[in-house]
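Have a look at the structure below, then the notes.
The values are calculated or read from the model by the stated rules, or taken from the named source; none is laboratory data. Just so we're clear, the structure is a prediction, and the values are computed from it rather than from any experiment. Methodologically, a virtual Cβ is constructed for each residue, glycine included, from the backbone with ideal geometry; neighbour enumeration extends over all protein chains shown.
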């Protein structure tokens, strides 16, 4: 049986250890491999208060392109509902790796459903194609996304009160793929997101019933058939205590 191969990162391929993990999952050098990149999540960010954060994510996208792939393509999910599946599905099937970028997780969830990617992703990954997630692209495969339920019940809008992130009106969802039985809080100790300290994340971990990995931008989780290996040149922590145990 083919193993599912995941590389769940905070900020992409940011150091040699994470790059080596990617090569291990590919089974061949990057310059002999093709990748298809999904940038959709970043589309929900305006330039205003999120300008620095958007710029940081774009730097991560550009660094992926500089890895000297044999071929590096773009798959924009918002375009897919207007196209027949036989136009874009072969691109995914032929790529050696699928990379899903960061941005607004609720917006990404909405478009992964609307585009049909949620539906086909299990079969694609079960055939051994490596999946590389960046920030929201990593979180979308986990047990859940955080959102303020009270605010959602009042407004109908998804709002992450940990990252201060709101879904666009009528274009948000909290659905995830549940490919792993934990959640991720990326960008630990980020200068752009100063609330992401270990002290705060430890408090957030008590709200959920599954393990939580806090990872910084120099850390990734390499997951092969459910087995997790932490790849890091930075800081990370696993919070195993769940709400049920309190």
Quick count over segment 137-164, residues being out of contact with any helix residue (DSSP H, G or I) (no Cβ under 6 Å at 6 or more places or on another chain) and within 12 Å of residue 109 (Cβ to Cβ), is 6
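Is it the case that residue 180 is crowded, with 22+ Cβ neighbours inside 10 Å, within 18 Å of the chain's Cα centre (by Cα) and in a strand (DSSP E or B)? Explain how you work it out, then say what you get.
On the way: crowded, with 22+ Cβ neighbours inside 10 Å: yes; within 18 Å of the chain's Cα centre (by Cα): yes; in a strand (DSSP E or B): no.
Answer is no for this residue.
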When segment 96-111 is checked residue by residue, the ones that are touching a strand residue (DSSP E or B) at 6+ places or on another chain (Cβ under 8 Å) and over 16 Å from residue 4 (Cβ atoms) are 101, 102, 104, 105, 106, 108
Discussion item. Whether any residue in segment 66-78 is part of a helix (DSSP H, G or I) and in contact (Cβ under 8 Å) with a residue 24 or more places away in the chain is what I want to check.
Written reply: yes
In the set 59, 86, the lone residue that is modelled with pLDDT under 95, over 30 Å from residue 237 (Cβ atoms) and in a helix (DSSP H, G or I) is 86
Log entry, pairs with first residue in segment 218-229 being on the phi > 0 side of the Ramachandran plot, second being at pLDDT 95 or above and not in a loop (DSSP other than H, G, I, E, B), beta carbons closer than 9 Å, six or more apart or on different chains, reads 225/5
**Prompt:** Quick check: is even one residue across segment 169-184 more than 28 Å from residue 226 (Cβ to Cβ) and touching a helix residue (DSSP H, G or I) at 6+ places or on another chain (Cβ under 6 Å)?
**Reply:** yes
